[in-house]
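Every number here is computed from the coordinates shown, using simple stated rules; none is lab data. Computed from a predicted structure; not experimentally measured. Don't worry about glycine lacking a Cβ; one is built from the backbone with ideal geometry, like all the others, and counts go over all protein chains shown.
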Amino acid sequence: EEMKQYASRNRQNCLFYRSTSTETEQRIPLSSFRKVFLGAVTDFCVQDGTLAFHDERMTFGAAQSQLRVLERRNSISRPRRSFSRTPSRMGMAHPRRPSRMDSNQSLPSLASHKTVNIPYLKKLCDICEELDYPHEFADIVGSQLLGLDGANPTTHIEGREPTTDEVIDFLSDAFIRLTDECTLTIIFLDDFQWIDSFTWKVIRALCEKGKNMLIMGAMRSQETQALRRMSSVASWHTRMQSRKGIIEVNIGPLESGEVKKMISNILGYDESIIEDQFSQEIYSKTGGITIYVIELLQNIKRNRTVAVDKETGLLRWTPEAAREQKRIGSNRVPTIELSFLNRFDSLDIGVRRVLQTCAVLGMSFSLSDVIRVHGEMDEHVLERSLDQAVDELILVEDVEDDEDDDISVWSENGSRIESRNASWNPVDDRFFQFSHAMWRKSVLDAMLSEVKVHLHRTIAEALEKEQVLVMESSDIGWLLTLFDHWKSCGNFCKAAPLALAVGLRLEEWDL
């Protein structure tokens, strides 16, 4: 955020992209990079005048809510056969412009109730012309990886199937072209341990060929998948070390001084009046683990268990809280984890029920997902329950930046479509995620196994109602989600065919 503000103040043309990988989508090709790539196309449309901002603020986030809607409806179409792994490079040539016009991705603006067209497919065709790639690359990437409407679901180029490396080359070359007019491109990939192998290959290609790019990947090093990914990164790092700057930063627990700063920020007291013994006690109880520090301090703030001593002028425990702390002793993690459960139990029963559904749905979900499961409940009641969980910092809502950006879009006939802001949401949906994996774990731990099984079955049945020909679906993410819910509720007769269908799709992608 500070970098975005700095770039904006200094009128630097910088692009910022962020994507969070999920465990359930790590087998879906390009799932971790799709949002970044579509964001680059959108910003390219801003640069070439297809989309025009009234002000000169940063273009990042201008259409992120549109991309989020597009992502949710994307599907990975099934190719006839897998791409081979024979490496090949396509040549580059002089820039040219295509004469044909392809379908746009149309998204309505709630503010103007009109249609805003972002020509994703046409821009891919423009890039193909500029970089001397056949137009079929735009169709393959658009239909197979980005789920764009209007893309021809072809799998052949000039009578042959392109190799995986050729598709990787096109994606990396296209992204470089889309961002080469900016001063700096920053890509942040959260939960890097779960990125799909296709995205990992694109990232490596960008590191080898890109300029003025900063790519940051954050992962939790204690997870098994993170260790595998770190091993892969280390092997590639050794080969790349002499050519590019690659820095590995290990972020450990907070230090005592950093805990003191967090006490000041969360409780709202100046650091100078925070007693060292008090900050050291917080550090000792939490081990410096950030989420534990935050949770403990939020509890202190909520229960008002600290106050400024009138005699010394220092921040200390209240007499009642001091006695309680002495009784508890120096228990670290168990005490903090218990506070998660206590906070969950203190919520209204309706909010707890909704949170249980959210935990079974996954780390991230939408309001429509919750409504689908609780069809018998009033939608406004469900929405208020989610809002209360957000107020309690259990959930966070996925709200993109720059909501006040005033943007106008020029339609094909030259008329201008105006909108108050860039926060469009054509399905009037809202998107949430747990503020930390610890919260989801705590909710799941507090649930009876029978309740989990019932929710998994309910979710699976709701998903199946949306698609008649389940086994014909080409959306790997949807198939994986449905498989996981049937497996978790013990219905292996439903889960087994889905596992075979997923395996077939992955085999076709040579994954």
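Things worth noting here:
- The lysines within cross-link reach of K310, meaning a Cα-to-Cα straight distance under 25 Å and a gap of 8 or more places when in the same chain, are K260, K261, K301, K326.
- Amide N proximity, the stretch 284-304 versus R327 label position 7 Å along Cα-to-Cβ, cut-off under 18 Å: 300, 303-304
- Ranked by how many other beta carbons lie within 10 Å on average, peptides 448-459, 382-393, 35-46 from highest: 35-46, 382-393, 448-459
- Segment D429..A462, full-extension length gain: 10.1 nm, with 0.36 nm per residue of separation and the alpha-carbon distance subtracted.
- Packing here is the average count of other Cβ atoms within 10 Å per residue, and on that basis the peptides 167-175, 338-346, highest first, run 167-175, 338-346.
- For T20, nonlocal amide neighbours, meaning residues 5 or more places apart or on other chains whose placed amide H falls under 5 Å from its own, are D190.
- HN-Hα J in Hz across the stretch 185-198 - Karplus 6.51, -1.76, 1.60, θ = phi - 60°, x for Gly and Pro: 10, 10, 10, 10, 10, 8, 6, 4, 5, 10, 5, 6, 5, 5
- Ignoring lysines fewer than eight residues from K441 along the same chain, the ones with Cα atoms less than 18 angstrom from its Cα are K452.
- Computed from backbone phi with θ = phi - 60° and the Karplus coefficients 6.51, -1.76 and 1.60, the 3J(HN,Hα) list for the stretch 450-465 is 5, 5, 4, 4, 4, 5, 4, 5, 4, 5, 4, 5, 5, 5, 5, 5 Hz; x is used for glycine and proline.
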